[in-house]
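Notes follow once the structure below has been shown.
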Amino acid sequence: EFAEFFDKILVDAPCSGEGMFRKNQTALLEWSPSNVEACAIRQDEILDHAAEMLSPAGSLVYSTCTFAPMENEGSISRFLKRHPEFSVVKVEKYSGMESGNPGWIEDGAKETEGTLRLFPHKIKGEGHYIAVLEKSGGGRMADFRGKREVSVPEKSLPFYLDFAKENLKERPEGVYVNFGEQLYLLPKDSPSLKGLKVLRPGLHLGTNKKNRFEPSHALALSMMNQDAVHTLDFSGDSREIREYLKGNTLPAAGEGGWYLVTVDGYSMGWGKLTGQILKNHYPKGLRK
């Protein structure tokens with residue numbers, strides 16, 4: 001679904017966990033030679049998918065928390081044989097870091113000397129392995145080979161557009177996606193989400209209620225006071241902001257409508273002014 005889409009990928013691979021033996025009794029009890037081999041097979045599959053998702057000239061970081069050569073220099077050696085378009089990037093070693101050792105595995109790639117090992121007797125920490133890889137080629141997302149998400153037509157978002165016109169100095173640009181009543185904004189050129197389970201596809205703009213749009217807390221937190229048409233700013237030690245965080249209404253004067261409530265210029269959430277009362281829209285689950 002994400003072929004050549006990402007510029008940078010971190011693979012924190014599931015592993016046999018040898019580097020965690022000191023502090024994790026479960027990792028010690030679950031260890032076996034067959035588990036090391038099973039982890040290596042799984043790592044190969046994960047790395048192959050990561051390679052497919054990485055854009056040309058992109059960077060891939062591979063890491064484990066094990067000492068097992070089969071899962072470290074071995075995984076990278078096998079990967080380089082399967083993917084000649086990748087090369088190891090030598091990175092600066094800091095005190096306590098050791099180079100990878102291709103001699104610890106059969107047919108180890110010499111390039112793995114440019115990878116890193118962290119041993120708990122040489123650093124303040126546990127055992128880890130790190131490899132930085134780079135994919136050859138030029139270009140990036142412009143070369144994305146997968147399907148892109150199709151934006152909801154703006155004509156079907158009249159209540160959001162009315163809200164944005166009245167309350168936002170500049171409407172954020174991107175791809176609009178509806179999940180039921182919830183409206184999200186994805187970055188331009190986002191991949192298609194069809195067939196994927198997505199917890200939160202992008203910036204949650206708000207909820208399409210009957211004949212109105214209610215902005216989300218996430219939208220408020222993405223803004224600064226200069227982004228909103230109406231703002232109500234309080235100092236960090238004020239009584240008003242303490243009342244707001246409790247979920248209480250506040251007396252206020254001004255033009256009716258949505259207000260971005262801020263503390264010393266930084267967004268806290270929404271309030272809606274009706275008459276001389278600011279109705280509180282701070283999320284109930286966050287109230288103190």
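One line per residue, one yes/no per condition, for (1) more than 29 Å from Trp258 (Cβ to Cβ); (2) surrounded by 14 or more Cβ atoms within 10 Å (Cβ to Cβ); (3) touching a helix residue (DSSP H, G or I) at 6+ places or on another chain (Cβ under 7 Å); (4) hydrophobic (A, V, I, L, M, F, W, C):
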residue: Leu157; (1), (2), (3), (4): no, yes, no, yes
residue: Asp162; (1), (2), (3), (4): no, no, no, no
residue: Glu166; (1), (2), (3), (4): no, no, no, no
residue: Glu173; (1), (2), (3), (4): no, no, no, no
residue: Pro191; (1), (2), (3), (4): yes, yes, no, no
residue: Pro201; (1), (2), (3), (4): no, yes, no, no
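Could you list, in sequence order, the residues of the stretch 175-189 that are out of contact with any Lys or Arg (no Cβ under 8 Å at 6 or more places or on another chain), open to solvent by 20 Å² or more (accessible area, probe 1.4 Å) and without any contact (Cβ under 8 Å) to a residue 24 or more places away in the chain? Give the derivation first.
Step one: filter the stretch 175-189 for residues out of contact with any Lys or Arg (no Cβ under 8 Å at 6 or more places or on another chain), giving 176-180, 182-183, 185-188.
Right, trim to open to solvent by 20 Å² or more (accessible area, probe 1.4 Å) and you get 178-180, 182, 187-188.
Residues satisfying the conditions are Phe179, Gly180, Pro187, Lys188.
Yes or no: the stretch 271-281 includes at least one residue that is open to solvent by 40 Å² or more (accessible area, probe 1.4 Å) and either of a type in the set (Phe, Trp, Tyr) or under 26 Å from the mean Cα position of the chain (by Cα) (or both).
We begin by selecting, within the stretch 271-281, every residue open to solvent by 40 Å² or more (accessible area, probe 1.4 Å); these are 272, 274-277, 279, 281.
The next check asks that each one be either of a type in the set (Phe, Trp, Tyr) or under 26 Å from the mean Cα position of the chain (by Cα) (or both); those that pass are none.
For the stretch 271-281, residues open to solvent by 40 Å² or more (accessible area, probe 1.4 Å) and either of a type in the set (Phe, Trp, Tyr) or under 26 Å from the mean Cα position of the chain (by Cα) (or both): absent.
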For the stretch 229-251, check the following and say yes or no: at least one residue is crowded, with 17+ Cβ neighbours inside 10 Å, small (Gly, Ala, Ser) and at negative phi.
no
Does the stretch 110-126 hold any residues that are modelled with pLDDT of 95 or more and out of contact with any strand residue (DSSP E or B) (no Cβ under 8 Å at 6 or more places or on another chain), and which are they?
Lys110
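Could you tell me which of the residues Leu205, Leu260, Leu219 is in a helix (DSSP H, G or I) and surrounded by 14 or more Cβ atoms within 10 Å (Cβ to Cβ)? If you could, list the steps in order and put the result at the bottom.
Details: Leu205 fails: in a helix (DSSP H, G or I); Leu260 fails: in a helix (DSSP H, G or I).
Going through Leu205, Leu260, Leu219 in turn, just one is in a helix (DSSP H, G or I) and surrounded by 14 or more Cβ atoms within 10 Å (Cβ to Cβ): Leu219.
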Check off (1) open to solvent by less than 70 Å² (accessible area, probe 1.4 Å); (2) in contact (Cβ under 8 Å) with a residue 24 or more places away in the chain for Val150 and give me the number that stays unchecked.
(1)
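Does Phe213 satisfy the condition of being part of a strand (DSSP E or B), surrounded by 12 or more Cβ atoms within 10 Å (Cβ to Cβ) and out of contact with any Asp or Glu (no Cβ under 6 Å at 6 or more places or on another chain)? Show your work before the answer.
Details: part of a strand (DSSP E or B): yes; surrounded by 12 or more Cβ atoms within 10 Å (Cβ to Cβ): yes; out of contact with any Asp or Glu (no Cβ under 6 Å at 6 or more places or on another chain): yes.
Judged against the criteria, Phe213 is a match.
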State whether the residues of the stretch 263-270 include one that is more than 17 Å from Ser216 (Cβ to Cβ), open to solvent by 60 Å² or more (accessible area, probe 1.4 Å), modelled with pLDDT under 95 and not hydroxyl-bearing (Ser, Thr, Tyr).
yes
Total residues in the stretch 88-111, condition open to solvent by less than 60 Å² (accessible area, probe 1.4 Å), of a type in the set (S, T, N, Q) and either within 21 Å of Glu52 (Cα to Cα) or part of a loop (DSSP other than H, G, I, E, B) (or both):
1
I need every pair where a residue in the stretch 128-139 that is of a type in the set (S, T, N, Q) has its Cβ under 9 Å from the Cβ of a residue that is in a strand (DSSP E or B) and modelled with pLDDT of 95 or more, sequence separation at least 6 or different chains.
Ser136/Phe86; Ser136/Ser87
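The values are calculated or read from the model by the stated rules, or taken from the named source; none is laboratory data. Quantities reported herein were computed from a predicted structural model and do not represent experimental measurements. Methodologically, a virtual Cβ is constructed for each residue, glycine included, from the backbone with ideal geometry; neighbour enumeration extends over all protein chains shown. Surface areas here come from the heavy atoms of the whole protein model, side chains and all, with no ligands, DNA or RNA. Shrake-Rupley method; radii C 1.70, N 1.55, O 1.52, S 1.80 Å.
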